Amino acid sequence: MAKIKVSRRTVLRGVGAALGLPCLEAMLPKHSAFAAEPMLPRPVRLAWVFFPNGTTPESWHPQTAGRSWEITPSLEPLREHREDLTVLSGLAQVNARSLGDGPGDHARSAAAFLTGAHPYKTGGTRISVGKSADQIAAEQIGQGTRLPSIELGIEGGKPAGACDSGYACAYSNNISWKTASQPMSKEINPQLAFDRLFGTGGGTAASDSLLLKRSILDLVAHDAQQLHRQLGASDRDKLDEYLSSVRETERRIQRMSTPVEGDVGKHRPNEKPKDLREHIRVMFDILTLAFQTDTTRVATLMLGNEGSNATFPMIGVNEGHHHLSHHQNDPEKVAKIASIDKFLAEQFAYFVGRLKETSEGQSNLLDNCLVVYGCAIRDGNRHDHHDLPILMAGRGGGTVVPGNHLQYASETPLNNLFLTMLSIAGAHVDQFGDSTGKLELS
């Protein structure tokens, strides 16, 4: 049992650092201990994980609808999480199509993915698309957390100019939009993302700790020790587990750093780590900590800019992703795209696993999340925007029964899914983009 009552907003403080806490038994009303009230509601977190360039549909999409759906070759890394996933087929993003604007499907697909709007075609500064679903959520359910939302990515990209057939780079490089003309710039540097989560905004102590290969835990040690003494046994164990997770995330970031020339003992974090797998996974670690501490309930992560030509030498793919996506049915290129699909699914499986292993009350963090994994191009070779590769992890606080492949009518708006997610999380929106209603997710 808890010895004291702790506010859900309690943070461990140090100079330039503010470390949020996971949900502890001591934060609950006395009559609402987990054992006595196992169904105590938790906040629902929303996340969107975007990947570029579409897929190889034949290897990605399950063919069997319902609860007997099969794990496909591209989704094989997700096999152990099958009962936590919902595959959604038949969804379309109409506003990613040309609609008379000619080529530029990659830029349009990223811009329309979360906004449900058709981007204004310009290579200049007069960008316009729409407010994205995550930012609607941030406005309505994000005001009770320290960060209304967090936007992360793996690739930076050009800050200006055109990137795809006359479309501004802003469209290809962002899925989160605060307003029709203001994208929410994503953070690709793991350390800066970590600092945003645990820094106070008034100094660089968190950054300096990593630079010196020290721990942010050193900065908050006094508060942590004081709280530890006041907690019951189960909460002490949970606090220790959480602090260990924070430290391991720090170590992963530090391993990506490079020595500062002429300054022994200091390491400077790389803006873009060389190890893609580690880069993606540490970003997922940061998102897990953000949700675990209720620092935010809304997040996006771009695994690549749309039209990305990244290479994947770690799996034997040395050609650019975008180049390969225009495979013209060349079997060797198709196989390499399928390998990339599988690699990215493996990284998403890591995130699902991290959420699932993080306890929250008598369930786990994943059970209180809805995490979409997908994009708004079905097949990079065809540049089509129907029957999109979309799956969702989590139970949304008990509102979704996963382990299912839901086959919707052809051309069902993708925006119907996002409208449904917003409603489940407590955001009140009557319509979003071309939505026609909420989806049945059971």
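Side notes on the structure shown:
- Within segment 161-183, residues that are within 16 Å of D101 (Cβ to Cβ) have Cβ atoms under 6 Å from residues that are of a type in the set (S, T, N, Q) in these pairs: C163/S172; D164/S172; A168/T122; S172/N305, counting only partners at least 6 apart in sequence or on another chain.
- Every residue from segment 82-137 that is among the aromatic types (F, W, Y) and without any contact (Cβ under 8 Å) to a residue 60 or more places away in the chain: Y120
- Within segment 1-39, tally of residues that are out of contact with any His (no Cβ under 9 Å at 6 or more places or on another chain), modelled with pLDDT of 65 or more, crowded, with 18+ Cβ neighbours inside 10 Å and among the small types (G, A, S): 5
- Of the residues in segment 143-156, not one is touching a strand residue (DSSP E or B) at 6+ places or on another chain (Cβ under 9 Å), surrounded by fewer than 23 Cβ atoms within 10 Å (Cβ to Cβ) and farther than 29 Å from T249 by Cβ.
- G380 vs. criteria modelled with pLDDT of 95 or more and either outside the structural domain of A26 (by TED's automatic domain parsing) or under 24 Å from P183 (Cβ atoms) (or both): no
- Those residues of segment 299-332 which are of a type in the set (G, A, S) and surrounded by fewer than 18 Cβ atoms within 10 Å (Cβ to Cβ), in sequence order: A310, G316, G320
- Note on segment 62-86: residues that are over 16 Å from E346 (Cα atoms) and either part of a loop (DSSP other than H, G, I, E, B) or β-branched (V, I, T) (or both) total 9.
- For segment 302-361, the tally of residues that are polar (S, T, N, Q), under 25 Å from E83 (Cα atoms) and touching a residue at least 60 places away in the same chain (Cβ under 8 Å) stands at 3.
- A335, sole failed condition from (1) modelled with pLDDT under 95; (2) surrounded by fewer than 17 Cβ atoms within 10 Å (Cβ to Cβ); (3) small (G, A, S): (1)
- Boolean, G166 is surrounded by fewer than 19 Cβ atoms within 10 Å (Cβ to Cβ) and either at pLDDT 95 or above or hydrophobic (A, V, I, L, M, F, W, C) (or both): yes
- Those strands (runs of 3 or more DSSP E) lying entirely in segment 327-442 with at least 1 residues over 18 Å from the mean Cα position of the chain (by Cα): 404-413
- Checking each residue in segment 77-108 for being surrounded by 20 or more Cβ atoms within 10 Å (Cβ to Cβ) and of a type in the set (G, A, S) picks out S89, A92, A96, G104, A107.
- Test: residue in segment 194-205 that is in a loop (DSSP other than H, G, I, E, B), touching a His at 6+ places or on another chain (Cβ under 7 Å) and at pLDDT below 95: no
- Subset of segment 87-107 (residues that are part of a loop (DSSP other than H, G, I, E, B), in contact with a Pro (Cβ under 9 Å, 6 or more places away or on another chain) and of a type outside the set (D, E, K, R)): Q93, G104
The values are calculated or read from the model by the stated rules, or taken from the named source; none is laboratory data. If you're wondering where the values come from, they're calculated on a predicted model, not measured in any experiment. For neighbour counting, all protein chains shown are included, and Cβ atoms are generated from backbone atoms with ideal geometry for every residue, glycine included.
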